[in-house]
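**Q** Before anything else, here's the structure in question.
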Amino acid sequence: MFNSRKMNIESFDIHYNVPMKQYSAQCIDIPLKKNWSDSWCALPETFDHCLDKILQFEVRPRDVFVVTFMKCGTTWMQEAAWLLLNDLNFEKSKEKRILERSPFLDFIGLLPPGSGLELDPLKLTEQLHDPRLIKSHMPANLLPSQIWQKKQKTIYVARNVKDVIVSSFHFAQHGMWKGDSILDYVNNFINDEIHWTPFWTHIIDFWKMRNESFIFFVTYEEMIKDLPGVVRRLCQFLNKSTLTDDQLNRLVAHLSFGKMKDNRQANLTEMMKETFPDVPENFQFMRRGIVGSYRDELTPEVQAKIDSWTASILSKHGLTEKDIFGEL
């Protein structure tokens, strides 16, 4: 069971198509102990009718989950993990989109009415052979409870907040959020009024659980800096055989940003345009993939505002961004 409460967003009529609510759920099996029923997450009210299905999702013994806040390198990690779980079967990866090979569980609450069952994540997961790789942007307490009960393997990818804000600003304009002012978006983001916020709670909770044996915590920045090293660690986590140098080099080349952007089965730009009517023609699911690109779009004043907000939250946990991400 979950709890929900309405949100009073001043700019709702300007920036939102669907009323937003906050959701929480208590889960006694999460290894991080806190009052989870008071840990809220912003989502459209369409989740009233499907969040229980996510929480009660039946987990199979070999399932692996990829969990992130949005625009943190999710698809990149999905492609890497899927190929490792499927013994580097590159030909098989060309047969279906990543969203079909690795369903997005939260999609059940985001699909527009009348979109059909072909993208229904619950239907897709039922049809998959083991091992299944399943994606979610949900915070810890809104993930399937069996993940925690069964200590299911979970890969978590974090990314620096300013790059996330800029990347999600461009992404959210496909219908999650209306407007063209990044300053308005920043204000909604730091006020926890954007899908899956609060951002820092999402990150901090998993960072505190990073030493659990069934959790693989990595940052987007580490993947950019040392993708071969991340892949080697991921192999160990997934109990896969060590890759040869040739296999590793081929996989890393396949996962390069240029190759991923050109890969129609991994780059979901066309699928988004086909599925969501509000997606503009110039929308790009994969844009730049550069660490620190926020500097091109956020003024120094806005950067300082985000930094101050970040420091005020992290200080309550005795943390700095450097503790989580290293030098940015």
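The values are calculated or read from the model by the stated rules, or taken from the named source; none is laboratory data. Treat the numbers as computed from the prediction; the structure is a model and nothing was measured. Every residue, glycine among them, receives a Cβ derived from its backbone with ideal geometry; neighbour counts consider all protein chains shown. Note: accessible area is taken over every heavy atom of the protein model, side chains too, but ligands, DNA and RNA are not part of it. Shrake-Rupley method; radii C 1.70, N 1.55, O 1.52, S 1.80 Å.
**Q** Please tell me if Arg295 is in a loop (DSSP other than H, G, I, E, B) and either at pLDDT 95 or above or surrounded by fewer than 17 Cβ atoms within 10 Å (Cβ to Cβ) (or both). Write out each step before concluding.
**A** Details: in a loop (DSSP other than H, G, I, E, B): no; either at pLDDT 95 or above or surrounded by fewer than 17 Cβ atoms within 10 Å (Cβ to Cβ) (or both): yes.
Considered against the rule, which asks whether it is in a loop (DSSP other than H, G, I, E, B) and either at pLDDT 95 or above or surrounded by fewer than 17 Cβ atoms within 10 Å (Cβ to Cβ) (or both), Arg295 comes out as no.
**Q** Now a separate question. Search the range 8-30 for residues being assigned to a loop (DSSP other than H, G, I, E, B) and open to solvent by less than 40 Å² (accessible area, probe 1.4 Å), and hand back the single one that is nearest to His317 (Cα to Cα). It would help to see each step written out before you state the result.
**A** Quick first cut of the range 8-30, residues assigned to a loop (DSSP other than H, G, I, E, B) only: 8-11, 16-19, 25-30.
Next cut, open to solvent by less than 40 Å² (accessible area, probe 1.4 Å) only: 9, 11, 16, 25, 27, 30.
Details: Ile9: 28, Ser11: 31, Tyr16: 32, Ala25: 22, Cys27: 21, Ile30: 18 Å.
Applying the filter and picking the extreme gives Ile30.
**Q** Condition first: in a helix (DSSP H, G or I) and touching a helix residue (DSSP H, G or I) at 6+ places or on another chain (Cβ under 7 Å). Now tell me which residues in the range 72-89 satisfy that.
**A** Thr75, Trp76, Gln78, Glu79, Ala80, Ala81, Trp82, Leu83, Leu84
**Q** If Phe199 satisfies all but one of (1) open to solvent by less than 30 Å² (accessible area, probe 1.4 Å); (2) over 13 Å from the mean Cα position of the chain (by Cα); (3) closer than 29 Å to Leu234 by Cβ, what's the number of the condition it fails?
**A** (2)
**Q** Return the total of residues in the range 236-245 being crowded, with 17+ Cβ neighbours inside 10 Å and in a helix (DSSP H, G or I).
**A** Result for the range 236-245: 1.
**Q** Ile194 fails exactly one of the following numbered conditions: (1) open to solvent by 20 Å² or more (accessible area, probe 1.4 Å); (2) touching a residue at least 24 places away in the same chain (Cβ under 8 Å). What is the number of that condition?
**A** The single condition Ile194 does not satisfy is (1).
**Q** For the subset of the range 159-173 comprising residues that are open to solvent by 10 Å² or more (accessible area, probe 1.4 Å) and in a helix (DSSP H, G or I), which member is modelled with the lowest pLDDT?
**A** Phe171
**Q** Can you report the number of residues in the range 31-44 which are open to solvent by 80 Å² or more (accessible area, probe 1.4 Å) and touching a strand residue (DSSP E or B) at 6+ places or on another chain (Cβ under 7 Å)?
**A** 1
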